[in-house]
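Trainee: I'd like to ask some things about the structure below.
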Amino acid sequence: MTARQIAIIGGGPAGLMAAETLSLSGHAVSVYDRMPTFARKFLLAGKSGLNITHSEDYQRFAARFGAAGERLRPALDAFTPQDVRAWAADLGTDTFVGSSGRVFPRVMKASPLLRAWLARLEARGVRLLTRHRWIGITPTGHLFETPAGPIEIRCDASLLALGGASWPKLGSDGAWASLLGAHGIGVSPLEPANCGFDVAWSEDFRTRFSGAALKSTTASSDAGTFPGEFVVSQHGIEGSLVYAHAAALRDRLKQSGQVELNIDLAPGRSVERLTRDLARQDVKASLSNRLRKGAGLEGVKSALLRELAPKSALGDPAGLARLIKALPIPLLRPRPIAEAISTAGGIPWETIDRNYMLERVPGLFVAGEMLDWEAPTGGYLLTACLATGRAAGRGIETWLAGA
């Protein structure tokens, strides 16, 4: 077999997994990344404990990807969460299941896994080239900007795995969207996913409670009702519970221009019990005391209720109880895409074939967050990036065999 030149552009999880898949193919595989080191967002995600995948029932896991689930399913089936754990173990990183069902490395860091991964790729002959910023497609390959100036590389097949547009300082800035557009490849607008939202806080509330966490709450939106916690920020709200609703909230804002996230501040108490307990409080007592004694609310929870509740409801036990169980937080807009954990939008699925090749550009494949899909946090994002990188690598092997 004649060795073919394969260029993988983007050294994050999707690109590196494609390189690993192709590393035993007998072809010459090179990975190019614009940054001085590889997988910077992967490393940042692992600083406080890398959430590598999730342990929940696989059918439930595979249903977490919304409208893109059907197209992602073959890739996920071929590289399941259990396969992710086995792959990490093979690189010397044992994993464990946390109390939430999320899966973490026992060392709680990403760096040992990445070092072992890069070492294995190099040992298999994969060329790893940094400070190569992709700037376009040529008839025979790709253009890069390097410290030594622009260069063109030629290849027989290539993969774009350039990520989305969140955390651009780590390497994924979304600039590829306009570059592909110049070649007639449509891209759905990139939008923030798993993001916070702006809220018009009063200056007093913002000053006193920015950074405060609301624990043991439940939130409801078009996405459903989920328990969890979130944080008051200078600009609004953020945190895991907000991220779980982010896609539904973002889409509702686009449709109607307004949206509310409804918060249950006392999940363990019914409206009837709250009404009864609040009605027993001394009407001469302060609202803070009545909320503490009658509803178990104090601190930021009590302050949030006072911030958002109509004054007319504060003296009515029944009305106050209803607000405690469903306090609407009016949201203005998602936080900027650069702050988001991940992005929605990207290359539409109808523009690629089942092997992840762009139909308009034979021999050019795509994987990872460049594709139009989104998922909640909890290991789903990383698993799908690894799975699509592997699937695209297999697709390149198939295409080269036919070509």
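Trainee: Cβ contacts < 6 Å: first residue more than 15 Å from V97 (Cβ to Cβ) and in a loop (DSSP other than H, G, I, E, B), restricted to region 36-60; second residue among the basic types (K, R) and modelled with pLDDT under 90, any location; separation 6+ or different chain. Result?
Mentor: If the second residue must be among the basic types (K, R) and modelled with pLDDT under 90, the pairs left are G46/K109.
Trainee: Would you confirm whether or not region 390-403 contains a residue that is in a loop (DSSP other than H, G, I, E, B), in contact (Cβ under 8 Å) with a residue 12 or more places away in the chain and either among the small types (G, A, S) or not assigned by TED's automatic domain parsing to the domain that holds Y243 (or both)? Let's see the steps before the verdict.
Mentor: Initially, region 390-403 is screened for residues in a loop (DSSP other than H, G, I, E, B), giving 403.
Narrowing the set further to residues that are in contact (Cβ under 8 Å) with a residue 12 or more places away in the chain leaves 403.
In the following step, the residues that additionally are either among the small types (G, A, S) or not assigned by TED's automatic domain parsing to the domain that holds Y243 (or both) were identified as 403.
Yes, that holds for at least one residue.
Trainee: So which of D94, D83, D57 is among the acidic types (D, E), closer than 27 Å to S158 by Cα and at pLDDT 95 or above?
Mentor: Working: D94 fails: closer than 27 Å to S158 by Cα; D57 fails: closer than 27 Å to S158 by Cα.
None of the others qualify; the one that does is D83.
Trainee: Of the residues L159, L143, L170, only one is under 21 Å from W373 (Cβ atoms), surrounded by 15 or more Cβ atoms within 10 Å (Cβ to Cβ) and modelled with pLDDT of 95 or more; which?
Mentor: Numbers: L143 fails: under 21 Å from W373 (Cβ atoms); L170 fails: modelled with pLDDT of 95 or more.
Every option except L159 fails the conditions.
Trainee: Considering only region 188-206, I want to know if a residue exists there that is part of a loop (DSSP other than H, G, I, E, B), free of Cβ contacts under 8 Å to residues at least 60 places away in the same chain, in the same structural domain as A326 (by TED's automatic domain parsing) and closer than 30 Å to G296 by Cβ. Give the steps one after another, and end with the answer.
Mentor: To start, the set of residues in region 188-206 that are part of a loop (DSSP other than H, G, I, E, B) comprises 194-196, 199-202.
Pick out the ones that are also free of Cβ contacts under 8 Å to residues at least 60 places away in the same chain and you get none.
No; the residues of region 188-206 include none that is part of a loop (DSSP other than H, G, I, E, B), free of Cβ contacts under 8 Å to residues at least 60 places away in the same chain, in the same structural domain as A326 (by TED's automatic domain parsing) and closer than 30 Å to G296 by Cβ.
Trainee: Can you go through A19, A68 and tell me which one is surrounded by 22 or more Cβ atoms within 10 Å (Cβ to Cβ), at pLDDT 95 or above and in contact with a helix residue (DSSP H, G or I) (Cβ under 7 Å, 6 or more places away or on another chain)? Working first, answer last.
Mentor: On the way: A68 fails: surrounded by 22 or more Cβ atoms within 10 Å (Cβ to Cβ).
Residue meeting the stated conditions: A19.
Trainee: Could you check F42 against (1) touching a strand residue (DSSP E or B) at 6+ places or on another chain (Cβ under 7 Å); (2) over 13 Å from A375 (Cα atoms) and say which number it fails?
Mentor: Failed condition: (1).
Trainee: Looking at L180, L249, L253, L241, which is the one that is assigned by TED's automatic domain parsing to the domain that holds G66, touching a residue at least 24 places away in the same chain (Cβ under 8 Å), of a type outside the set (D, E, K, R) and assigned to a helix (DSSP H, G or I)? Let's see the steps before the verdict.
Mentor: On the way: L249 fails: assigned by TED's automatic domain parsing to the domain that holds G66; L253 fails: assigned by TED's automatic domain parsing to the domain that holds G66; L241 fails: assigned by TED's automatic domain parsing to the domain that holds G66.
None of the others qualify; the one that does is L180.
Trainee: When you scan region 248-263, do you find a residue that is small (G, A, S), within 20 Å of the chain's Cα centre (by Cα) and modelled with pLDDT of 95 or more, even just one? Walk me through it before giving the result.
Mentor: Step one: of region 248-263, the residues small (G, A, S) are 248, 256-257.
Narrowing further to those that are within 20 Å of the chain's Cα centre (by Cα): 248.
Still in the list and also modelled with pLDDT of 95 or more: 248.
There is at least one residue in region 248-263 that is small (G, A, S), within 20 Å of the chain's Cα centre (by Cα) and modelled with pLDDT of 95 or more.
Trainee: Failed condition for E122, given (1) over 20 Å from the mean Cα position of the chain (by Cα); (2) part of a helix (DSSP H, G or I); (3) buried (at least 17 other Cβ atoms within 10 Å of the Cβ), with all others met?
Mentor: (3)
The values are calculated or read from the model by the stated rules, or taken from the named source; none is laboratory data. As the structure is a computational prediction, the values presented were derived from the model and not from experiment. Using ideal geometry, Cβ is built from the backbone for each residue, glycine included, and neighbour counts are taken over all protein chains shown.
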